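The values are calculated or read from the model by the stated rules, or taken from the named source; none is laboratory data. On a predicted model such as this, the values are computed, not experimentally measured, just so you know. Note that we place each Cβ from the backbone using ideal geometry, even for glycine, and neighbour counts take in every protein chain shown.
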Amino acid sequence: MPKKSNQANHITDGDIFDDLGFSHEESVALKIKARILSTVLERIRQQRYTQAQLTAILHDYQPNVSNLLRGKISTMSIEKLLAYAHRLNLDAEITMKVKPRSTRQKKISVA
């Protein structure tokens, strides 16, 4: 049986979403959604909420709460995720910064 190699089998330009074919704008939105989702799920774990409790707290239907808990961000808008965060007593803060002139990045190997 041949040994598995630890060699990279894909080279990325630094942004996996770009490599998957998403536009820059879609990539940015997905990253924001993922960051909000991660924080919301961490809060839910800390508080040990059940789906039934979350349905009441988030003022939403059970299937939507199930999608949230399973990480299906494609079914949720940034606004909905922010509303969930607010109902879970989380504050949101947005930071904007000027992009560096050179957006060209080194190639990174991903195993």
Inset, instruction - Please find, among Leu90, Leu82, the residue that is in a helix (DSSP H, G or I) and at pLDDT 85 or above. - result: Leu82
Legend entry - Count of the range 21-44 residues which are closer than 16 Å to His86 by Cα and either among the charged types (D, E, K, R) or assigned to a loop (DSSP other than H, G, I, E, B) (or both): 4
Legend entry - Cβ pairs under 8 Å, 6+ apart, first in the range 16-40 and without any contact (Cβ under 8 Å) to a residue 12 or more places away in the chain and farther than 16 Å from Ile78 by Cα, second of a type in the set (D, E, K, R) and in a helix (DSSP H, G or I): His24/Asp18
